[in-house]
Structures are given as structure tokens and as C-alpha cells.
Amino acid sequence: MIRRILLLPHIKVINANALSSPFTIGFPAVTACMGAVHALQRQLNENDFSKVEFIGSGIISHSITLRTYKNEAGYISSIIGAGHPLKKDGNRRSFIEEAKCHLEVSLLIEFNSLEKDREEFFVTLISKLLHSSIKFAGGDITDFMQPQLYRVEDGNKAELTKVLRKLMPGYVLIDRHELMVDAMKEGRDAIDALIDYLAVHNSSELDSNGEISWSSHRKVPGWIVPIATGFQGISKIQAAANQRNQNVPHRFAESIITLGEFRMLHRVNSLDEILWKFETDLENNLYQCAQCK
């Protein structure tokens with residue numbers, strides 16, 4: 001089976017939302033990244049490409065700068081807040097801490113189909129939308145490389161490698177929720193399991209000469225990070241006072257936090273390893289992004 005790939009390489013974003021959940025800070029949430037992809041599809045559908053559907057998206061990180069400050073002798077980092085214009089009376093407006101970051105990412109998007117004679121217009125329109133109306137995790141897109149289209153035969157590692165080489169050096173974000181599942185099957189609390197996999201364990205060893213050597217390790221190898229992948233409903237689906245859209249049912253929800261891994265691209269063997277897709281489980285009140293490995 002031939003799979004169609006849209007590559008959006010090296011997108012530079014400023015002031016993206018780094019507060020991906022109530023208690024994690026760093027790379028934007030998976031839902032925020034997928035929201036940008038969904039917004040792009042909707043605008044394409046409104047501009048002569050009504051049949052184009054984005055099936056899944058891979059998220060590749062090239063660099064990230066978290067907007068925090070820590071003095072040389074300190075241990076605690078502080079958020080660098082953005083200044084807001086003064087009120088008419090000259091007083092400062094109320095301040096809400098917002099964690100921001102600057103980052104460079106690439107998006108590898110699988111889509112359904114496209115006529116050969118419309119490919120050039122398709123790429124041109126995407127470039128126009130990225131310049132004018134698409135935000136990424138609440139941040140502004142300042143620059144990007146030319147979007148590219150590829151055809152990758154399912155199971156053909158050589159063709160996939162050709163595409164991934166365009167994104168090196170970079171780290172692709174993959175789902176590692178199975179680590180949480182295994183720990184919770186052993187009776188561990190979810191937060192304890194999360195912290196256990198993120199903690200750095202230090203150990204010392206005394207050699208025959210009486211010298212001490214130190215080593216550091218984590219529970220599993222790899223660049224394991226906490227990620228926000230969606231939401232779980234905590235109330236019934238119903239109408240609420242002052243909701244933004246009165247025609248859409250409302251429910252309160254909380255973030256789903258799990259484990260992910262930033263993995264070097266040369267270790268990717270198939271598209272399904274890296275593609276995030278929207279998944280809804282109404283029986284368990286889950287609205288999330290997941291990977292079908």
C-alpha cells in the first residue's frame with residue numbers, strides 16, 4: 001500500500017505554550033501539536049480541498065528554549081512573564097503566569113489522497129496558510145522550510161529513511177504509556193510510577209584502591225519525558241452557563257498525563273511507530289491522541 005506523506009520541515013515557533021498540563025512544563029502537549037494539524041486540515045477543506053483528510057501526524061523536535069530564568073547560585077527557575085499594556089488609569093493589569101517556549105519542530109503528516117495536477121497548488125496554499133493563519137500551540141510561526149510531498153510504500157524502509165533524513169538531526173516523540181500500564185499492574189500509584197521513571201538514580205562504588213566512583217542511571221534507557229496526550233471527562237455531557245458555543249454540549253475534563261520518549265529518527269522502522277491519531281473512547285470518557293504501533 002502506498003501512503004501519502006506531507007512534510008512540514010523545520011517550523012520555527014515563538015512563544016508557544018510550554019505549560020502542557022497542570023503540573024508539567026516543557027515541550028507543548030501532543031493535543032496542542034495535533035490541534036495545529038487539525039486547524040490546517042480544516043482551512044484546506046474550506047479552500048478547494050474538501051476531500052483532503054489528515055490521518056495521522058508525527059512530531060519531531062529539533063530544538064526548544066524554555067523561557068525561564070535561574071541565577072548562577074540558585075536552584076529554582078522562574079517563569080519569564082510577558083508584559084501587558086497598562087490600563088487607562090496607568091495601573092498594571094492583573095498578572096497570570098504563562099510558561100512559554102521557543103522551538104523548532106517538523107510535522108510529518110499522512111493524508112488520504114490528492115490529484116497529481118493539484119499538488120503544486122496544494123503546497124503553495126499550505127505555505128500561505130502557515131504564514132498567515134495557523135498557530136502552533138498558541139505560538140506564532142516565524143519561518144519554515146518548503147513543504148514537501150512524498151509517497152512511501154508500506155514496509156519499505158528505504159523510502160521511509162529517505163523522508164526521515166530530511167529531518168535530521170531531530171527527535172521524534174513516541175508514546176511510552178506501556179511503562180505506566182506495567183507499573184500500575186504491579187499496584188503502583190500513577191504519580192509514583194511517573195516519577196519513578198523520570199528520576200535519576202545515583203550510586204557509588206568503592207574500588208580496591210579506596211577511590212569512590214559515581215554513576216547515574218534511570219529505570220529504563222532513553223529520553224523519557226512526561227507528556228499530555230488528551231483529556232478525560234469528569235462530568236456529564238450537558239449544557240453549562242456562559243459556555244462559548246451554546247450549540248455544542250459541554251463537560252468538564254482533566255488532562256491525561258503519561259510517559260513519552262524522544263527518539264532519534266534513525267531508530268524508526270515504520271510510520272505507525274511515530275504517527276499520532278485522534279482517539280475517542282466514550283465508554284471511558286477519554287478524548288486523546290494515541291499511536292497505533
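Per residue, the Cα convex hull of the chain amounts to 218 Å³. Each of the peptides 231-241, 13-23, 199-209 was scored by the mean count of other Cβ atoms within 10 Å over its residues; in descending order, highest first, they stand as 13-23, 231-241, 199-209. Candidate cross-link partners of Lys70 among the lysines, defined by an alpha-carbon separation under 16 Å and a same-chain spacing of 8 or more, comprise Lys100. What the Kirkwood sum gives for region 67-203 is a hydrodynamic radius of 20.9 Å, with every pair of different alpha carbons counted. Counted over region 178-293 with a bin width of 10 Å, the fraction of Cα pairs per bin, in whole percents, is 11, 28, 28, 18, 9, 4, 2, 0. Note on region 39-107: semi-axes of the ellipsoid equivalent to its C-alpha gyration tensor, largest first and rounded to whole Å, are 37, 23, 8. The rule of thumb for compact globular proteins, 2.2 N^0.38 Å, goes into the C-alpha radius of gyration of region 138-243 1.74 times. The ranking of Leu198, Leu167, Leu282 by Cβ neighbour count inside 10 Å, starting from the fewest, reads Leu282, Leu198, Leu167. Relative protection proxy for 109-118, 133-142, from highest mean packing down: 133-142, 109-118 (other beta-carbon atoms within 10 angstrom).
By a straight-distance test (C-alpha under 20 Å), which aspartates and glutamates pair with Lys277 as possible cross-link partners, with residues fewer than eight away in the same chain excluded? Cross-link targets: Glu53, Glu110, Glu153, Asp154, Asp175, Glu178, Glu254, Glu261. Among His131, His10, the order by Cβ neighbours within 10 angstrom, fewest to most, reads His131, His10. Going by neighbour counts of Cβ atoms within 10 Å, the residues Thr258, Thr161 line up, fewest first, as Thr161, Thr258.
Overall size of region 69-114 from C-alpha positions, given as principal axis extents largest first: 56, 39, 13 Å. For region 6-152, the alpha-carbon radius of gyration amounts to 1.25 times the rule-of-thumb value 2.2 N^0.38 Å expected for a compact globular protein.
The alpha-carbon atoms of region 183-250 define a convex hull whose volume equals 170 cubic angstrom per residue.
Subtracting the Cα-Cα distance of Ala239 and Asp281 from 0.36 nm times their residue separation leaves 13.1 nm of extension gain. Bridgeable aspartates and glutamates around Lys185 (alpha carbons under 16 Å apart, same-chain partners fewer than 8 residues away excluded): Asp196. The radius of gyration of the Cα set in region 94-162, together with its Dmax, comes out at 16.5, 55 angstrom. Using the Cβ-Cβ distance between His131 and Val248 with R0 set to 35 Å, the FRET efficiency works out to roughly 0.70.
Springs join every pair of Cα atoms under 10 Å in this Gaussian network model of the chain, and among Lys157, Lys128, Lys88 the largest mean-square fluctuation is at Lys88.
Read the figures in this text as sums done on the coordinates, not as results from a lab. All values reported here derive from a predicted model rather than from experimental measurement. Because the Cβ atoms are built from the backbone with ideal geometry, glycine has one as well, and the counts that use them run over all protein chains shown.
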